[in-house]
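The values are calculated or read from the model by the stated rules, or taken from the named source; none is laboratory data. Just so it is clear, the model here is predicted, and its values are computed rather than measured. Here Cβ is always computed from backbone atoms with ideal geometry, including for glycine, and neighbour counts include all displayed protein chains. For the accessible areas, the whole protein counts, side chains as well, though only heavy atoms, and no ligand, DNA or RNA atoms are used. Shrake-Rupley method; radii C 1.70, N 1.55, O 1.52, S 1.80 Å.
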Amino acid sequence: MKRWLFGAAFLVLVGYLIGGGIWLHPFGVPARDEMDRYFIENAQAEVAANNVVTSIVFDYRGFDTLGEATVLLAAVVGVALVLRKVKG
Amino acid sequence: MSVVVRTVTRVILPVALAFGAYVIMHGHLTPGGGFQGGAVIASVVALLVVVYGGARLKGAKGWFAVLEDVGALAFVLLAFLGIGATFFRNVLAGSGGLFGNPVPQPGPNPGDLNTAGTLPLMNWAVGLKVIAGLGSVVLLLSLFGREDG
């Protein structure tokens, strides 16, 4: 009984993945591209940077990068805390 | 490590440091930036730890702590520069001063290092943070469990 259940679940999962591979959204054709268009057309003029990715990371989405830097800080603090020298 | 490894390390060291600094400095013109260049320089720290041993680099821990603080504070203060409009407002872009030039022409262009406002400064801040963070992680892992650590 259990084996049949797992077999059915496995078949459903495989079918789902195959279907997802077949009916995948075509690559390079975004469904909605207003925001992409805006960044590509205006980033050079607004931020004066050639690298649009950097202008998004540090200017348009700067708050996200602040969180990323905080995650790095937390990781380093965690490593320093776990590997600290303990007496005795 | 053997004398061959130590000699090759001395040759590679300045090249790797210069490449990391280049990736950070040109973050607003070419692919890469603070995180990537910082990781390149942190890999130099890993190389030094492997070749010379962590005990000889023990003194760098304090410097890494200072660098981490300087990077984090510089990043937040640069973000606060634009608080007159919004947090993270790029006030230096297009102002004509430091990093204030406009791009030479829209679309493909050779690039000008003196552009993009606060972006290069933030790249350096994040780069210092990543150098210090990843470098101290490598150093702490190598020193763990040693009597002289």
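Looking at segment B:112-121, which of its residues are under 12 Å from A:Ala49 (Cβ atoms) and either more than 7 Å from chain A (Cβ to nearest Cβ) or touching a Ser or Thr at 6+ places or on another chain (Cβ under 8 Å) (or both)? Write out each step before concluding.
In the first step, residues of segment B:112-121 are kept if they are under 12 Å from A:Ala49 (Cβ atoms); the result is B:112-120.
If the condition is that a residue be under 12 Å from A:Ala49 (Cβ atoms) and either more than 7 Å from chain A (Cβ to nearest Cβ) or touching a Ser or Thr at 6+ places or on another chain (Cβ under 8 Å) (or both), then B:Asp112, B:Leu113, B:Asn114, B:Ala116, B:Gly117, B:Thr118, B:Leu119, B:Pro120 are the ones that fit.
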| query | Is there any pair with a first residue in segment B:1-30 that is without any contact (Cβ under 8 Å) to a residue 60 or more places away in the chain and a second that is open to solvent by 70 Å² or more (accessible area, probe 1.4 Å) whose Cβ atoms are under 7 Å apart and which are 6 or more apart or on different chains, and what are they? | reply | B:Val23/B:Gln36
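Search segment B:60-72 for residues being within 11 Å of chain A (Cβ to nearest Cβ), farther than 14 Å from B:Gly127 by Cβ and within 16 Å of the chain's Cα centre (by Cα), and hand back the single one that is least open to solvent (accessible area, probe 1.4 Å).
Taking segment B:60-72 and keeping what is within 11 Å of chain A (Cβ to nearest Cβ), we get B:61, B:64-65, B:68-69, B:71-72.
Still in the running and farther than 14 Å from B:Gly127 by Cβ: B:61, B:65, B:69.
Retained after the next criterion (residues that are within 16 Å of the chain's Cα centre (by Cα)): B:65, B:69.
Numbers: B:Ala65: 52, B:Asp69: 92 Å².
Only one residue tops the list, namely B:Ala65.
Given the structure, is B:Asn101 in contact with an Asp or Glu (Cβ under 6 Å, 6 or more places away or on another chain), open to solvent by 30 Å² or more (accessible area, probe 1.4 Å) and either free of Cβ contacts under 8 Å to residues at least 40 places away in the same chain or facing another protein chain (nearest Cβ under 9 Å) (or both)?
On the way: in contact with an Asp or Glu (Cβ under 6 Å, 6 or more places away or on another chain): yes; open to solvent by 30 Å² or more (accessible area, probe 1.4 Å): yes; either free of Cβ contacts under 8 Å to residues at least 40 places away in the same chain or facing another protein chain (nearest Cβ under 9 Å) (or both): yes.
When the stated conditions are applied, B:Asn101 passes them.
Residues checked against (1) among the charged types (D, E, K, R); (2) surrounded by 10 or more Cβ atoms within 10 Å (Cβ to Cβ); (3) at pLDDT 85 or above:
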{"position": "A:Phe10", "(1), (2), (3)": "no, yes, yes"}
{"position": "A:Gly19", "(1), (2), (3)": "no, yes, yes"}
{"position": "A:Phe39", "(1), (2), (3)": "no, yes, yes"}
{"position": "A:Val47", "(1), (2), (3)": "no, yes, no"}
{"position": "A:Leu81", "(1), (2), (3)": "no, no, yes"}
| Mind checking which pairs have a first residue in segment B:111-140 that is open to solvent by 10 Å² or more (accessible area, probe 1.4 Å) and a second that is among the aliphatic types (A, V, I, L, M) and assigned to a loop (DSSP other than H, G, I, E, B), Cβ under 6 Å, 6 or more apart or different chains? | B:Gly111/B:Leu29; B:Leu140/A:Leu83
